[in-house]
Structures are given as C-alpha cells and as structure tokens.
1. For the list (1) buried (at least 22 other Cβ atoms within 10 Å of the Cβ); (2) touching a helix residue (DSSP H, G or I) at 6+ places or on another chain (Cβ under 6 Å); (3) not polar (S, T, N, Q), I need the number of the one condition that Leu24 fails.
2. Would you point out which residue out of Leu137, Leu164 is closer than 18 Å to Ile78 by Cα, aliphatic (A, V, I, L, M) and either modelled with pLDDT of 95 or more or part of a helix (DSSP H, G or I) (or both)?
3. Could you check, for segment 175-189, whether at least one of its residues is in a loop (DSSP other than H, G, I, E, B), out of contact with any Ser or Thr (no Cβ under 9 Å at 6 or more places or on another chain) and surrounded by 23 or more Cβ atoms within 10 Å (Cβ to Cβ)?
4. Does at least one position in segment 213-224 carry a residue that is within 20 Å of Val93 (Cα to Cα) and in a helix (DSSP H, G or I)?
5. Within segment 64-84, is even one residue modelled with pLDDT of 95 or more and part of a strand (DSSP E or B)?
6. Only one residue in Pro197, Pro201 is touching a helix residue (DSSP H, G or I) at 6+ places or on another chain (Cβ under 7 Å), at pLDDT 95 or above and assigned to a loop (DSSP other than H, G, I, E, B), so which one is that?
7. Quick one: which of Phe103, Phe107 is in contact with a Gly (Cβ under 8 Å, 6 or more places away or on another chain), assigned by TED's automatic domain parsing to the domain that holds His227 and surrounded by 17 or more Cβ atoms within 10 Å (Cβ to Cβ)?
Amino acid sequence: MGQNETLNVEVYGGNHSPWVQAVLLALHDKGIAHSLRQVPPIEAMKKTGVLMPAVSIDGGPWETESSQILVKLGMEPIAGKDLQAVQVAWRGVWHRTDNPLRFFAAFARAGDRSPSLLTRSMRNFLRSFIPLYMFTLINFVKLRMQPQEPDDFADQYLYWERALEASTGPFIDGQAPGIRDLLLFGVVQCHSSIPVPPLEPLRSDERLRGLRRWLAHMHERFADYPHLYSGSYFEPAKPPPLPAGALQRGIFYLGVVAMLLLIPVTLPLVFLLMRKVPR
C-alpha cells in the first residue's frame with residue numbers, strides 16, 4: 001500500500017472496539033500515517049465523554065461517528081440497512097464481562113505503544129479508567145435492558161453470507177475491501193479480543209462457509225496489521241497483537257486499584273460521561 005502523506009491523523013480508542021478497528025483497518029489499508037492513543041483527548045471528552053473512536057484529521061475537530069470518519073478517509077458511504085446489519089452482527093457483546101478477571105486482563109495486555117517510557121506508563125495508568133467505564137456500562141445495560149439471548153447467534157451473520165453470495169469478488173464490496181468489509185471485520189475483531197458466544201458459530205456453522213472464506217481473504221489482506229485478534233480463531237492463522245510488557249501491565253493494574261479505591265469519585269464520573277454519549 002502506498003504511503004499517503006497528505007493526511008495527519010490522530011486516533012483515540014482501544015483496539016477492542018469494532019468501530020476503532022474499522023478506522024484503524026482503513027488507515028492501514030490505505031497506508032495513511034497515524035498515531036493511536038488510548039486516553040481520550042480533553043476536547044473530545046468534554047463533548048462525547050470517552051466515546052470511541054475519536055479522530056482528528058489534519059488538526060481538525062475530533063469526530064466520533066466511525067462510518068463518517070471512514071468516508072473522510074476515502075471510503076464509499078454505507079447504506080443504512082447495511083449499517084444496521086453490522087450492528088446486529090455485534091449482538092452478544094454483553095458477554096464480554098461474564099468473566100471480570102478475563103475482561104480486565106485483556107485490557108491490561110492491550111497497552112499503550114508510545115515510544116516514551118514516561119508517556120507510556122502515564123497512559124497505561126490513566127487508561128485503567130476506560131475498562132472500568134466499559135465494565136460498568138455493559139453491566140448497567142444488561143441490568144436495565146436485559147438483552148435476550150437469540151436462539152442461534154449464527155443467524156445474525158446470515159445477512160452477510162447472502163451479501164457475499166451476491167458480491168462480484170472475494171470481499172463484500174467486490175475485488176477490494178470496502179466500508180462494509182471493514183466494519184464487519186471490526187466486529188469480528190471485537191468478538192475475538194475477548195471471546196464471546198457469537199464467535200463459535202462463525203467458526204463452525206455450516207451456513208457460514210462463505211464468511212469463513214471471506215475471513216481468510218481478509219487475513220491475507222491484513223497479514224501485517226498489528227491489531228488482528230481473529231488470527232487466533234480463523235485460518236490462515238496469524239499472531240495476535242503484541243501484548244504489553246509485565247511492567248506496563250503492572251502499572252495498568254495499579255491504575256485499576258487506584259480507580260477502585262476512588263470509587264466515590266470514579267463511579268459518578270462514569271455515569272456523568274455516559275450521559276455525554278450522543279443518543
């Protein structure tokens with residue numbers, strides 16, 4: 001991929017998010033240089049809390065709608081029914097918090113990659129608030145909305161199996177990955193980052209053979225992509241993202257302990273930031 005030197009892109013977000021993943025996949029595929037941070041910029045946090053992704057292009061305002069960001073990065077817009085189908089494929093995300101220890105351990109491994117030891121350590125300490133926020137948010141939604149388990153998680157992918165049958169190439173959008181490919185592949189990365197029940201039928205259901213072939217093509221296309229979680233579950237196998245070192249994981253856990261000790265402050269802050277998320 002040719003290096004695009006016309007854009008200067010800053011990205012805030014964690015690579016467990018399907019929407020952050022879609023943006024990072026587009027940047028990687030187009031060869032656009034970018035920086036990634038896991039602590040939200042103050043300007044974005046004032047407007048939309050810790051909503052991710054937040055992206056600033058060429059020093060412009062922080063934007064948070066992933067499908068619109070992808071269009072600004074050169075992708076064709078996605079139709080409303082396709083975007084809804086992507087969101088349907090994300091069902092089951094509430095199972096990420098079934099095992100709290102596994103949940104926080106996964107975030108500990110996904111450490112900040114700043115070349116500066118001081119910056120990296122500070123960010124890994126501060127970013128411990130993000131999984132605390134996500135853990136609270138998911139469990140609050142589960143308690144309040146009580147999402148129903150589908151009869152078969154495989155059903156949520158059938159729309160995309162049919163889309164692949166109608167495609168003129170190996171990808172959903174034809175001969176090269178388009179916006180639908182990146183958004184759906186982002187969902188697969190999310191499901192793979194902390195394995196949840198919707199992952200298993202995608203691996204084994206006989207009705208989803210086309211999607212597994214598509215995943216193989218995506219793995220080949222993104223063989224050197226540094227945020228690939230699905231390589232541990234689908235062929236061809238690819239190595240998972242490089243985990244944070246023991247020191248940085250320890251700093252992250254120290255941050256988690258601090259956030260819990262400060263729960264009279266951090267918990268109200270979680271709910272305050274939830275209210276900032278656009279409905």
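1. (2)
2. Leu164
3. Kept after step one, since they are in a loop (DSSP other than H, G, I, E, B), are these residues of segment 175-189: 175-178.
Right, trim to out of contact with any Ser or Thr (no Cβ under 9 Å at 6 or more places or on another chain) and you get 176-178.
Next cut, surrounded by 23 or more Cβ atoms within 10 Å (Cβ to Cβ) only: 177.
Looking for residues that are in a loop (DSSP other than H, G, I, E, B), out of contact with any Ser or Thr (no Cβ under 9 Å at 6 or more places or on another chain) and surrounded by 23 or more Cβ atoms within 10 Å (Cβ to Cβ), one finds at least one in segment 175-189, hence yes.
4. So the first thing to find is which residues in segment 213-224 are within 20 Å of Val93 (Cα to Cα), and the list is 215.
Subset that is in a helix (DSSP H, G or I): 215.
Looking through segment 213-224, at least one residue is within 20 Å of Val93 (Cα to Cα) and in a helix (DSSP H, G or I).
5. Checking segment 64-84: not a single residue is modelled with pLDDT of 95 or more and part of a strand (DSSP E or B).
6. Details: Pro201 fails: assigned to a loop (DSSP other than H, G, I, E, B).
From the options Pro197, Pro201, the qualifying one is Pro197.
7. Working: Phe103 fails: in contact with a Gly (Cβ under 8 Å, 6 or more places away or on another chain).
Just a single option satisfies the conditions, and that option is Phe107.
The values are calculated or read from the model by the stated rules, or taken from the named source; none is laboratory data. If you're wondering where the values come from, they're calculated on a predicted model, not measured in any experiment. Cβ sites come from the backbone with ideal geometry, for glycine too, and all protein chains shown count toward neighbours.
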